[in-house]
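Chemist: Structure provided below as C-alpha cells; questions to follow.
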Amino acid sequence: MIRWLVAAIGFCIAATPVLAADPIEVGIGYLGRAGVKPKLSLVELPAENDGLAGARLAIEDNNTTGKFLNQHFTLQEVRLRDNEDVAKAATTLAERTGFIIADLPADDLLKAADALRDRGTLLFNAGAIDDRLREQDCRANVIHVAPTRSMLADALAQYLVWKQWKRWLFVVGSHDQDKLFADALRRAATRFGAKIVQERIFEDTGGARRTDSGVTLIQRQMPVFTQQAPAYDVLVAADESEVFASYLPYRTWDPRPVAGSAGLVPTSWHAAQDQWGAIQIQNRFVKLNSRHMTALDMQAWTAARMIGEAASRTKSGNPKAVSAFLRGPDFSIAAFKGRRLTLRDWNLQLRQPILLVDGRMVVSVSPQEGFLHQVSELDTLGADRPETKCKLQ
Amino acid sequence: MKEDGLRMWRHCLLSGMAVWLATVAPASAFIAYVSNEKSNTVTVIDTSNWTVTKTIKVGQRPRGIEFTRDGKFVFVAVGDDDSIQVIDVAKQEVVDTLPSGPDPELFALDAEGKILYVANENDNTVTIIDVEKRARLGEIQVGVEPEGMAISPDGKFLINTSETTNMAHFIDTTTRQIVANVLVDARPRFAEFKRDNSEVWISSEIGGTVSIVDPVKREVTKKITFEIPGLRSEAIQPVGIGMTKDGKIAFVALGPANRIAVVDATSHKVIKYLLVGQRVWHMAFTPDEKYLMVTNGVSNDVSVIDVAAQKVIKTIQVGELPWGITIAQP
C-alpha cells in the first residue's frame, strides 16, 4: 500500500511540470564590492553597474527563453561596503538564491565559497583573474567565468610571437597584482619562445591620476624612462594598478609598440567586438543600459546564461541539477566568440578565446593559428591539466 | 526538286544543330544571385559557363537572399538598413524595398509567394509581410536572436530557430501562434524540411550538430554529428543545409571546417566530406539538381559541387564575405 502510494506521488510529481501554471523560479544573486576601480583613462572608468548590467541582460535573455519553458529568472543584487563581512553577506544572499555571481577579490571569494560550502550554493566567479583560485586555492563550489592572468598573458604572447615581436622590453609596476601579471607574462614568454631583453620596475611614488598639466610632465618622463634599452621589438607592460602603462604608447624613447596593460591589451570582451553575431548582444546591451559592454559585463552575462542554459536543458532550477549539468560532458555555451565554451573539469575554469584590443578595435583573437593542442586549442591558454595544482573538494 | 533538296538540307542542318546544342550546351543554364555581406553587393552568376555577369550594389550588410516564385525578382535582406530590398531580375538593379522590421537576416516565402516571414535578429520577432501590398501583417514574439526560417511542405507551419534561446519554434501559419518549442543544440542557424514532411533538420553552429526533428511529435529523434580527422570538434560548425527533392541526399555546410558534409538523408550517416573554400555558409541547388553552389565567406568565393559525382568541380570568385545564394531559371 505504502509502496503504491509512493509510486503514485512520484507519478504526480513527474507529471506536475506539464500541468503547472506556476513557473519554476530561478533566483540568481550578484555579490560585489561597492566603489569604482581607478583608471588612468577617463573613458575607461567603469560604470557603477559594471558587471551587474551584463547579468541583467542575461536575465532578460533567460526569461525570453524561459517563457517557452515555464521558467522565470530573477536577479538579486548585494553590494558590500568597505568593512562589511563577505561571509555573512554571502550567507544571507544564499538564503534567497541558489546561485551567486561574484565580483569579488580573491580572498573575499574564498571566504564566500567556504561559508557556503555546505549549503549547496553554486558560485560563479565573474571578476577575479587570480590563477591561484583555479590552482592551489580551487574550490568545488566555484565555477570560474573570468579568464585567468595566465590565459590573458598566453593569449597576448601567442600573438606577439606570431607577429615575430619576440624581443620584449618588460616594465613592471610595483604593486602586488602587477607582479602577478608580470609572472604570468614571464611564463608566457618562456612557453611560446619570446625573450625578455630587459626588465624595469616602475615605482608607484603616489600622486594623482588626474592633474591639470599632467601631459607635459608625462611627455618628459616616459621617453627618459624607456631610453638606453637593449634592442627590442615591443614594450610589454604589467600595470594592473593603472599607474603608468597607459602613458607609454607614443612616448617610448625608441619607436616601438606597447602591449600588456596598455596598447595591445588581452581581454575577455570589448565593445568593439562585432564578429560571430556579437553585434546582436552589443545592440541589446546598449539598448538596455545606454552604455558600452565591458569585459566584466560579458563575464557576468556568461555566468547568468550558463545558469539559464543548464536550467533549460535540465528543466530545473535546482542548484544540484544545474551544477551536475555544467560539470557534465553535455555542457557548452555560445558566447559570441566563434566557438563553443566548455569547462575544464579539473578546476572548473571556462575555456574561452581571448580578444586582443587596442582600445578601439579588436586586433586579433587568440589562440593563434598554429598553436596546437591534443584536446582543445583553447587549452593552449592558461594552466593545462598536467600542470594543475587543483584538487577539487 | 531543287527546292526540296534545299528544304531537306535545311532540315538536316537544323536537326543537326539541335543535336549539337543538346550535347554541347550545358544542361543547366540558370542564374545565381550571391549576397556579399561585406561588400554590400550581390553577384550574378551565369551557371551555363560559371561566370560572373554582373555585380549589383545593394544596401548595408546583405545576407538572406531568395528569388520570388515567378523568378522575376530577388529579395535580399539588408540588415544594417533594417529592410529587404527587391532586385528586378530583368533590370538587374534594386527597384523597391519591403518593410521588414529591424535587422532582417533570413526569411521564408510561402508557397504562393504572397507572404514573407522575416527573422528580425535585434528584436526577438518574426515579421509577417504581405508582398503585394508591401505591408506588415503582424509580428510574432520568438526567442533571443531569431535566425533560421522554413515553411513546412504543406504550408501549415513555419519553423523559426532562435540562436541564443537554442530552440526551433513551430508557428501555426493560420493562427500565427507558437504551438511548440523544441530545444536543440547551441546556436541553431538553419532549418530545412524533407519534402515529404517526415523530418525537419536544424543545424546548430556552436553545438556542432544537426538535429533531426519529427514535425508531428515535435521532438528531436536523432542528432547528426561530424568528425573530421585533424580538426578539433570546435571548428566544426554546421550552418547551411541543402536536401535533394527526393529526400535521399543532404549537404551540410560546416563553416570554419571548410567542408561540406554529404549525408545519406535516410540513414542519417555522413558519406563523405568535400573540401570547399573557407568558412562555408549557405547553399543552393540548380533547379535541375545537377549542381549545388555553396558560399565560402572567408575565401570570397563560391564552390560548385557536381551533385551526382559528389565532387567539387569549380570555384568562382565573388564579392567580400559571400553569405547567401539563390538560383532560378534565367
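The values are calculated or read from the model by the stated rules, or taken from the named source; none is laboratory data. Owing to the predicted nature of the structure, the values given are computational and were not obtained by experimental measurement. Ideal geometry is used to build each Cβ from the backbone, glycine not excepted, and the neighbour counts take in all protein chains shown.
Chemist: Say we look at segment B:167-188 and pick out the residues that are in contact with a helix residue (DSSP H, G or I) (Cβ under 8 Å, 6 or more places away or on another chain) and over 26 Å from residue B:249 (Cα atoms); which of these is farthest from the other protein chains (Cβ to nearest Cβ)?
Modeler: Looking at residues that are in contact with a helix residue (DSSP H, G or I) (Cβ under 8 Å, 6 or more places away or on another chain) and over 26 Å from residue B:249 (Cα atoms), I get B:178.
Chemist: For segment A:104-122, name all the residues that are without any contact (Cβ under 8 Å) to a residue 24 or more places away in the chain and either more than 18 Å from residue A:320 (Cα to Cα) or buried (at least 22 other Cβ atoms within 10 Å of the Cβ) (or both).
Modeler: Passing the criteria: only A:107.
Chemist: Please work out which one of (1) farther than 21 Å from residue A:275 by Cα; (2) surrounded by 20 or more Cβ atoms within 10 Å (Cβ to Cβ); (3) without any contact (Cβ under 8 Å) to a residue 60 or more places away in the chain is the condition residue B:264 fails and give its number.
Modeler: Against the list (1) farther than 21 Å from residue A:275 by Cα; (2) surrounded by 20 or more Cβ atoms within 10 Å (Cβ to Cβ); (3) without any contact (Cβ under 8 Å) to a residue 60 or more places away in the chain, residue B:264 comes up short only on (2).
Chemist: Looking only at segment B:208-222, how many residues end up being farther than 19 Å from residue B:149 by Cβ, within 14 Å of chain A (Cβ to nearest Cβ) and not in a strand (DSSP E or B)?
Modeler: Residues that pass the stated criteria total 1.
Chemist: Separate question: Please verify whether segment B:189-204 includes one or more residues that are out of contact with any Leu (no Cβ under 6 Å at 6 or more places or on another chain), within 13 Å of chain A (Cβ to nearest Cβ) and outside any strand (DSSP E or B).
Modeler: no
The rows are residues; the columns are (1) β-branched (Val, Ile, Thr); (2) in a helix (DSSP H, G or I); (3) modelled with pLDDT of 95 or more; (4) under 21 Å from the mean Cα position of the chain (by Cα).
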site	(1), (2), (3), (4)
A:5	no, yes, no, no
A:22	no, no, no, no
A:39	no, no, no, yes
A:56	no, yes, yes, yes
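Chemist: Looking only at residues that are closer than 11 Å to residue A:32 by Cβ and out of contact with any Gly (no Cβ under 6 Å at 6 or more places or on another chain) in segment A:82-103, which one is surrounded by the most Cβ atoms within 10 Å (Cβ to Cβ)?
Modeler: By that ranking, first place goes to A:101.
Chemist: Condition check: touching a residue at least 12 places away in the same chain (Cβ under 8 Å), at negative phi and either aromatic (Phe, Trp, Tyr) or surrounded by fewer than 20 Cβ atoms within 10 Å (Cβ to Cβ) (or both). Does residue B:59 satisfy that?
Modeler: yes
Chemist: Something else: So which helices (runs of 4 or more DSSP H) stay within segment A:141-258 end to end and still have 3 or more residues that are surrounded by 24 or more Cβ atoms within 10 Å (Cβ to Cβ) and at pLDDT 95 or above?
Modeler: Qualifying helices (runs of 4 or more DSSP H): A:149-162, A:176-192.
Chemist: Taking the residues in segment B:101-132 that are among the charged types (D, E, K, R) and within 14 Å of chain A (Cβ to nearest Cβ) as candidates, determine which candidate is farthest from the chain's Cα centre (by Cα).
Modeler: Per the criteria, the residue is B:123.
Chemist: Okay, next question. Go through segment A:308-325 and count every residue that is of a type outside the set (S, T, N, Q) and within 14 Å of another protein chain (Cβ to nearest Cβ).
Modeler: 7
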